[in-house]
Amino acid sequence: MNVDLGSTTGGRQQPALSVALSGVGRTFPTPGGGTREVLREVDLDVRAGEVIALVGPSGCGKSTLLRQISALDAPTTGSVVVDGVPVGPGDLRTAVAFQEPRLLPWRTLTANVAFGLPRGTPKQLGAARVAELLELVGLADSATLRPRQVSGGMAQRTSLARALARAPGVLLLDEPFGALDALTRLRMQDLLLNVHAARPTTVLLVTHDVEEALYLADRVVLLRDLRDSTPEDTSIARIVEVPGDRPRDRADHELTELRAELLEGLGVAAHHTPAQPA
Amino acid sequence: MDRLLELEGLFWESVVETLYIVAVTLGIGGVGGLVIGVTLYVTRKNGLLANAPVSIVLNLVVNFFRPIPFVIFIGAVQPLARWVVGVGIGNRAIIFALSLAAAFGISRIVEQNLVGVDPGVVEAARAMGAGRPRIILTVLIPEALGPLVLGYTFVFVALVDMSAIAGVIGGGGLGNFAIVYGYRQFNPVVTWVAVIAIVVIVQVAQFAGNRLARTILRR
Ligand SMILES: Nc1ncnc2c1ncn2[C@@H]1O[C@H](COP(=O)(O)OP(=O)(O)OP(=O)(O)O)[C@@H](O)[C@H]1O
Ligand SMILES: [Mg+2]
């Protein structure tokens, strides 16, 4: 796939930016008057241009962590710093693709993607860029449809295109391929790598799929659910460096051990042991 | 029937007067209600401009005025009408009172419909860097437009109803026509002509509102 988005960004491309999380914790009040600690002491330094995969059991706080970086939520403790400057509300250095597509229901896919363009993008340039992004995510033929007229997977790809439209310094993707069929999922993973190779962006991507994490990321961050933790535990259970350069071989044997390790960390046995007959 | 022919001129005048009162009120009260409704919505807890004092006071004001029966409301705001529009009687005073009442009523309809907009979408817009005015104008109101049109249609019909008592303070319109020339002169035919005219106005308005809302929802 040929990806040359640089041509239509009109010099608006932000350079990839570093992300520094230090001591990030988030505690929510619960209806009963108590509190629920979702994130504790998250320390993570992400280099500019790095791809980080966040994995962890459902409800462990992956989306919550992304919300801290996108400044849609503020941590109870600690700080989030992008490129040396703390993040704040309406921070345009980051762009998010949410876990749900969250498209404007009455706008076409084109209009929805255009909503992600940086403000002040010249009209023609913007239109060209949106068309290009839709082409890239394989939705050129559906550009004039509304979200309710397309499948969940198509909506999710639109949401991805909208996040890419910003050409952000930090791209935050919350299970961006979760609703896709296996084949489209592989295609979109390669698309993401192409975009990343074509123009530098720091990527933090949440996924449930260990294969996906190992295929895409430089490092995989395994988060734990604090509900099954000791008081000394912090949210990050483990950080795994993925060896080798991208594009990786999906069936790389070197990764087998890592895969088993991560699956175990997620509480999944790497090999299914059939129950012994009684 | 002869009487009806004599009254024909007055009848059409009353139709025009009713339409005029309702249209102007819908314009003024509609904009006012939109502003109050949007303010009610954005100042809610966790809203775009969450502001507890403004929210509490505004809710109190709206809740205070809304339940007042309109026939009493007209009298109650008469001093205010004199001060704002210069007169306490006639069509201008009735438009003033109606607009005020409509604004409070509409504000709740607007608030309800905005609450119905997916907060996830609003947050996404916020994450895209859209400022609050832009979110209100390009996300919230357009997304809620279909139901809002139905809400405004409902208000239009309610205004036709409420404007019928304009006669109380010397206003005109079909209600006044029916009371003065029908009811007081023991002429049920005249009363019923006015009734039918009101029914026709309401039907046409409702039909147009439904059409418009459907078109908007399908866009
Ligand atoms: N605004 C909030 N108020 C209260 N609790 C919240 C809030 N946001 C998240 N939580 C809680 O924090 C926990 C983590 O939520 P989060 O959405 O971050 O999980 P996740 O790791 O993304 O899960 P999943 O993989 O299922 O998407 C959940 O128990 C959730 O109920
Ligand atoms: Mg999540």
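Data table
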quantity	calculated
Where B:Val87 falls short, out of the listed (1) free of Cβ contacts under 8 Å to residues at least 12 places away in the same chain; (2) exposed (fewer than 14 other Cβ atoms within 10 Å of the Cβ); (3) touching a helix residue (DSSP H, G or I) at 6+ places or on another chain (Cβ under 6 Å)	(2)
Only listed residue being within 16 Å of ligand 1 (Cβ to nearest atom) and assigned by the TED database to the domain that holds A:Leu205, chosen from A:Gly84, A:Gly33, A:Gly49	A:Gly33
Residue in segment A:160-169 that is in contact with a Lys or Arg (Cβ under 8 Å, 6 or more places away or on another chain) and farther than 30 Å from A:Pro243 by Cα present	yes
Segment A:241-254, residues that are surrounded by fewer than 21 Cβ atoms within 10 Å (Cβ to Cβ) and at pLDDT 90 or above	A:Glu241
Pairs with Cβ under 6 Å, 6+ apart, first in segment A:103-131 and within 11 Å of chain B (Cβ to nearest Cβ) and at negative phi, second of a type in the set (Ser, Thr, Tyr) and part of a loop (DSSP other than H, G, I, E, B)	A:Thr108/A:Thr144
Residue list for segment A:213-240, filter: among the charged types (D, E, K, R) and either away from ligand 2 (no atom under 16 Å from the Cβ) or surrounded by fewer than 21 Cβ atoms within 10 Å (Cβ to Cβ) (or both)	A:Asp218, A:Arg219, A:Asp225, A:Arg227, A:Asp228, A:Glu232, A:Asp233, A:Arg238
Residues of segment A:164-212 classified as within 16 Å of ligand 2 (Cβ to nearest atom), outside any strand (DSSP E or B) and either under 16 Å from A:Leu17 (Cα atoms) or charged (D, E, K, R) (or both), total	3
Total residues in segment A:163-207, condition within 16 Å of ligand 1 (Cβ to nearest atom) and in contact with a strand residue (DSSP E or B) (Cβ under 7 Å, 6 or more places away or on another chain)	9
Hey, A:Gly61 away from every other protein chain (no Cβ under 14 Å), at positive phi and either buried (at least 23 other Cβ atoms within 10 Å of the Cβ) or within 16 Å of ligand 1 (Cβ to nearest atom) (or both) or not	yes
A:Gly138 being surrounded by fewer than 17 Cβ atoms within 10 Å (Cβ to Cβ), part of a loop (DSSP other than H, G, I, E, B), at pLDDT below 95 and away from chain B (no Cβ under 14 Å)	yes
Segment A:51-98 - residue that is assigned to a strand (DSSP E or B) and free of Cβ contacts under 8 Å to residues at least 24 places away in the same chain and, of those, farthest from ligand 2 (Cβ to nearest atom)	A:Val85
Among (1) part of a strand (DSSP E or B); (2) out of contact with any Leu (no Cβ under 9 Å at 6 or more places or on another chain) - the single one A:Thr256 does not satisfy	(1)
Criterion violated by B:Val117 - all others in (1) within 14 Å of chain A (Cβ to nearest Cβ); (2) free of Cβ contacts under 8 Å to residues at least 24 places away in the same chain; (3) surrounded by 18 or more Cβ atoms within 10 Å (Cβ to Cβ) satisfied	(2)
Test: residue in segment B:73-83 that is more than 14 Å from chain A (Cβ to nearest Cβ) and of a type in the set (Lys, Arg)	yes
Residues satisfying the stated conditions in segment A:24-48, i.e. at pLDDT below 95 and out of contact with any strand residue (DSSP E or B) (no Cβ under 6 Å at 6 or more places or on another chain)	A:Pro31, A:Gly32, A:Gly33, A:Gly34
Tally of residues being without any contact (Cβ under 8 Å) to a residue 60 or more places away in the chain and either in contact with a Ser or Thr (Cβ under 7 Å, 6 or more places away or on another chain) or not in a loop (DSSP other than H, G, I, E, B) (or both) across segment B:183-213	16
B:Glu17 being charged (D, E, K, R), surrounded by 18 or more Cβ atoms within 10 Å (Cβ to Cβ), out of contact with any Ser or Thr (no Cβ under 6 Å at 6 or more places or on another chain) and under 25 Å from B:Val160 (Cβ atoms)	yes
B:Val122 buried (at least 17 other Cβ atoms within 10 Å of the Cβ) and within 14 Å of chain A (Cβ to nearest Cβ)	yes
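The values are calculated or read from the model by the stated rules, or taken from the named source; none is laboratory data. These numbers were taken from a predicted model, which means no experiment stands behind them. Note that we place each Cβ from the backbone using ideal geometry, even for glycine, and neighbour counts take in every protein chain shown.
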